[in-house]
Each structure stands twice: as C-alpha cells, then as structure tokens.
DNA sequence: AGCGGTGTCATTTTT
DNA sequence: TGACACCGCT
C-alpha cells in the first residue's frame, strides 16, 4: 500500500520527514490525524523502522483509539504488543511508573509501584480532610480554588515552599494546604493526575538507567494537540526523546483552549526556539468546511494577537451564509434550534447536527425543546460511568482492599451502607490519625484495641474490620468478577440498592451490573484488579460519539477534534460566550475567542449562531437583558444572514409553534439518552486485548458499539435483545438445548452461546425457561436473553 | 446516627 | 436549578 496516495504535497512532506524535530502547524480540518497515522505506517513499512520504537501520544483515549484503529487499517493488521505505541500521556506514565518506578522511592519515601490513583473526587475529599485537620473552613479559601492552585503549582514543578514565598497571604494559606495534601498523598501511597506526569518526569530525570532504556527504545516520537501540552508533558517529551530529538509535534495554536488546566501555549509558539534546527510545515488546506464558514472563522481568530498566524483555504465551494438568529429569550432560542433541526432532518434524515454551547447548564433548555419535538439526541460528556456514586463506592471498596492505607477510599465507604459508624466516631478516628500521622486504617486498628471507644462504636468498627479482611481473602481466592459480586453482597451494598424502588434505584442496580460486566470482561482477558482500577481512573467516557443519533449536544470544549455537517453555536452573549470569568485579561479573552473558533470550524456545511436578548441566570425569577457577543461582530457582514424572531426567515412563528409542539410531546416519548458507557468499557478492553479490525470475530462487537447507546432497561422495553440488536441472533431457537434443562442456572455461572462465545450470567429474572438472563459476553457487551429461546448451555 | 430545613454559590474539565 | 455545607432536631 502506498501511504502517500491521496495526500497533498505538504502532507507528504510531513509523512516522509525522517530525522530531527518537526513542527506541523495543522489548521482545523487540514488532515492532521491522517498525517500522523500515515506517518506511523510509512515509518514502519517504507522506512523499515521497528514498530515498537515508535511512540505517539495524544490527550484523550478517544483520539488514541481512533489513531490505533486507523494505523491498523493502514497496516492491514491489528496492532499487537509488538506494534507502535499509541496512547495517552497519562496511560503512558502509569505504565512507566508501574513497571519501572520502583526507584522513585528514593525521592518519594514509601512510594511503591502499587500506588493508588486519586481522581478529582478523591482529591477534593483529601483537601476537605486537610481543612478539617487544620480546623479551617472554606471562608478564607474555597476548596476548588485551593485545588486548582495546587494543581497549577504542580504543573509548574513548584513546591509548597515556593508558594510560601509568595507575597499575598492567600497563597501562603494555600501553601499550607499544599504541604499537608502532599504528605497525605504519600501516606496513602497515592498519586493524583498531575503526579502521574510529574512523578514520571522526576523518575526519568533521576534514574539514568530507566531514561536510557526508554531513549533507546523510542526512536521516533509524535505528540498530538501540542498546543495543549503543559509543562510536565513538555518535559516528559524531552526526556523521552533524549539527544536524538526525533520528535514530531502536531498542533494549532488557534485551538489552544485548555490554559486554565495548565496547558502552556508557549510550548507551541516557542518550539522553534526550543529546537533551533526544527523544520516547520504548515497544513493550511482545509478539507472540512465551506469557504464561507472558513472565512468567517478565520476572520474572528485573526483578532487574536498571540498567534503564529495562518490562513486556511479550501478548494471546496462557497456554501451558504452563516446564520445569526436573535431570539427574544432563551426558551425561544432553544425552540428555534429544535425547529430548525427538525426541518433539516426532515429534508435529509441522514444529516448530522451538533449543538455547541459554552456551559453545560445550557443543555437543559435545548434538551427540553428537542424532546418536545420527539427528536432523539445524545448529550456528549457530562458524568462518566465511573464517576457515578454507586460505581465509585464499589471502586472505593476495591481500592481499599488493594491498599488499606487509602484513607480517602476508606472514608468514602466506611458507613455506606450505614453500619453505625457515624460522624462522631469518624471524627475520633480522624483526629487520632492526624495526631499520630497514621492512615485511617491504622488509626482504626489501634483505636479498636485502646478501649477509648464507646462499646457500640467499637463493635461497629470491629465488624467493619472483619468485613474488609473477609473481602481481602475473597479477592485473594476468587476470580475478579466473582469476588466483585460477592463484595456487593457482603458489604450490604446490593441490599441497600434493592431497598430503593425508585427508578433511580433501578438505574443504580443496572450500573452495578455494568460494572460486573466490565469486570467479567477484564478477567476473561487476563486483566488484574490493578488494571481494572487503572482503567476506571483514567477513562472519562466522553468518548465514542454515537453515530446512530442525528443530534449531539456538547460543550465547545468537548467538540474539539470532531466535525459535523451542521453546527449550532448557542448562547452567544457577552458574559456567557465569552464567559464573564474571562473578562479580566486579554489572554483569557483570546482563549475564549479560540474556543469560539474551534466551535465554528466544526461545521462542514452550515453554521447557525444564536443568541437571546434576555436570559434568566440560574434560578432567578426574572430575565436579564443581554448583549450580543463581540465575536459575532467580528464576522464579516457579507458572510452572514442576520435575523431575529420578528423577521424570521424560516417563517417560524414560535407562539403558534407551541401548539404543534405540545401535540408532539403527546405523540413522542422521551428519546434522549446521556452518553452511556458500556460500549466504551467494552471498547477499552477490546483495544487492550484483541484488535479492533473490520474483519474477524470482533466485527459484530464493533457494530454493536456504534449502535445507539441505550440503557439496558430501555433496550428491553423496546423489544430488542439489548443495545439495538436481537440478542439471540436469529429468531426461533432450535430445540436442541431445550430438553437439557437449565438446571443450575444462576448468576455467576458461565454459559456458552453459539454466537457470542462464553459469557458470565449477571442477573436472572424469573425462573425456569421463562427466566430472563442478563449475560456479559466479552466483546459483545451485556445481553438480555430469555433462557428458553437462546441456544445457551452452562459451562463447567 | 441520621434526617430535613435553610443559606450560599455558581465555567470550561482531555486524564 | 441544584449541589453543598451547616445546623438543629429527634
């Protein structure tokens, strides 16, 4: 296969570039991913570079997965363990630290490669605990402020002592929190997200042997979305490439939108200073948008001063003017969007639409409007599966089982479900732990035998201690999924949820089923408990766009890297977009403008931009007058069609519309779904275990993964087996298995299915032939199957 | 120990 | 609107 075919001359130049540093300034829609993937394939096939010597790093799992998939396609074979490494910064660092991090204990006493990962919830809980320890409350410094300052400091490699030197008193206070926070992380042998990068950097700096080994191995490195790298990522990159500097970075300074998270736009702006012999290639031909959209977006971003400057061009057509719509209020704005989408999709049901907004809170009104029209939509982003309370609770048990000193996890579940260990007792344990610099677990053990506790509290704590010991032996003796199932029973967690008959309770039980399913799949691929927890910590699940649903709702941030034929940008008002928080500095305003630019350039054919003359903020009772976003003024007049409700070009009379809309509500039921995560979980394990390829046994799994995601109960209600496909894969079941009664069928047994292979029974509703089984098949997800119709048999 | 009432405060969030 | 901290009652 010729990997240069179909590429323009600049893309070819980038793909065939061999040694030395290269900066690819890749404008929106200029074929960036194409260049990276073709380059990887070209290095391997045409230049005979050993595949494992190639490292490509991205920011998101989604991007990494996409790249792996495309490289595999180009190579015509799955990426095996001997293939190029395509991964995220954080995953890479976790693997590095787990495999080669032992010597970090020289720098960080008590560190072991079995460290726990603390996510944002855990970090917040830790900061709260530090406040309690100091007897502080939020009145001086808010938790979130402290956390973000700590994170920022870590990204800049600053220590608490560095912050201490700052002149302002607030920073001094934060320095104290920072110091305690760090001490407590060490005590728990835990690393937060920033640490994953930072400690990897420190290890590579400190341990020459490890560094040399990695330098030796990775001869070619590529970094995607370079404009969003932070200091640690930059240093990591330099340490990994070593003197060789065979580094290719790809980015677009105009799409740098994560400075508030530590991304340093200087990294890309100064690349040529960092690497004086760097070659620069600009990809300015856009293959995505119409000329109108491109010119409008370019005109806006040209208002930024802090940029390298480029001008995108296209050979594509002029396209329609962008539409600006002024709504009287936010409700009307939402109805306009829904109505227009309806017209578009009626004309062409194959079209795809995205509605982008600045803040998540804006989605609610738009969702309501879409629901009124009975239009299916997907909200991308928001809560991930692994962030749900019930899932996090169970994971906290798991983390505690692995590491008793993980005090944050212990705190989370010690009284969930309620087992008589209340605030007073907890305070007592915590104070004891603070006083003696112990983890909560050690404090608890000592207190139990000290006789200082009330009899009732002591008994409760003893029972808890026993419980955790029992769980530990469970995980020692049983395979992961069984141990997990037993954990849910033993802890009483399952019983607690079963007592909850609300729809939420039902949903939570289903989430735990999904968790079991994920564990079953992990186990069948030989993953350990540690792998399972790493994945849970590192995945955000804003991934996988649902190809089956025509309308996606997402923040402008989440839209980066995506494209849609039709894009709506909503809420374009001063204070909202640009956001009021950004008004203080020019730099922040420029970032808002880049975000706006990112939004505009997502559109392929049509771009609609809407704003409301008045909008109610939060729950206040009255609408406030708004001002139209300055960004709209920055678009050349001749490229837009600007109208308001009064002169509505679409002929939309929204007051009359309301009647029709109410009718529609009656006809349609709720069709929206939040981004569900089961398929993402499957994908993850798929990608780690067997390769996602268009042929082979995984094809059905892929197909299922891209089908509309739906909650299992909903899928069942809709009459299909699960996730949009008939579960039994072919109607009437032969009688072959019918006689062999399903004796012994119960949750926990493994069954064989002719199509899906072996799977684990998670749930059984009803008895005998009529029983409905929820079975997890690795690679195929959860299936709901009626026992008598399916050709399943129990495996030994 | 655990519930419910009241007051306060609101970005974005790849991992 | 809704997430939360805090407080007082049982």
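Only the coordinates and a few stated rules stand behind these numbers; no lab work does. Nothing here was measured: the structure is a model prediction, and the numbers come from that model. Counting neighbours? That spans all protein chains shown, and the Cβs are built from the backbone with ideal geometry, glycine included.
Note on residue A:145 and residue A:637: the model spin-label points, each 7 Å out from Cα along the C-beta direction, lie 4.5 nm apart. Over the C-alpha trace of region A:248-354, radius of gyration and Dmax come out as 18.8, 56 angstrom.
Overall size of region A:312-356 from C-alpha positions, given as principal axis extents largest first: 39, 25, 16 Å.
Between residue A:587 and residue A:644, the simple spin-label model (points 7 angstrom out along Cα→Cβ) gives 3.8 nm. Dividing the convex hull volume of the alpha-carbon atoms in region A:496-622 by its residue count gives 222 Å³ per residue.
In this simple spin-label approximation, residue A:103 and residue A:161 carry label points 7 Å from Cα along the Cα→Cβ vector, and these lie 2.3 nm apart. Each 5 Å bin from 0 upward holds the following percent of the Cα-Cα pairs of region A:338-420: 3, 12, 16, 13, 10, 7, 8, 10, 8, 7, 5, 1, 0. For region A:112-208, the equivalent ellipsoid derived from the alpha-carbon gyration tensor has semi-axes of 23, 16, 10 Å in decreasing order.
Sort A:640, A:391, A:249 so that the residue with the fewest other Cβ atoms within 10 Å of its own Cβ comes first and the one with the most comes last.
On the way: A:640 17, A:391 20, A:249 26.
Arranged by neighbour count, lowest to highest, A:640, A:391, A:249 become A:640, A:391, A:249.
Directionally averaged projected area (region A:64-114, Cα convex hull): 4.2 nm². Extension gain for residue A:315-residue A:343 works out to 7.2 nm (0.36 nm per residue, less the C-alpha to C-alpha distance). Residues A:406, A:106, arranged from fewest to most other Cβ atoms within 10 angstrom of their Cβ, appear as A:106, A:406.
Ranking of A:436, A:535, A:579, A:38 by neighbouring Cβ atoms within 10 Å, starting from the fewest: A:436, A:579, A:535, A:38. Here residue A:424 and residue A:625 are evaluated by their C-beta separation; at R0 = 35 Å the FRET efficiency comes out at 0.10.
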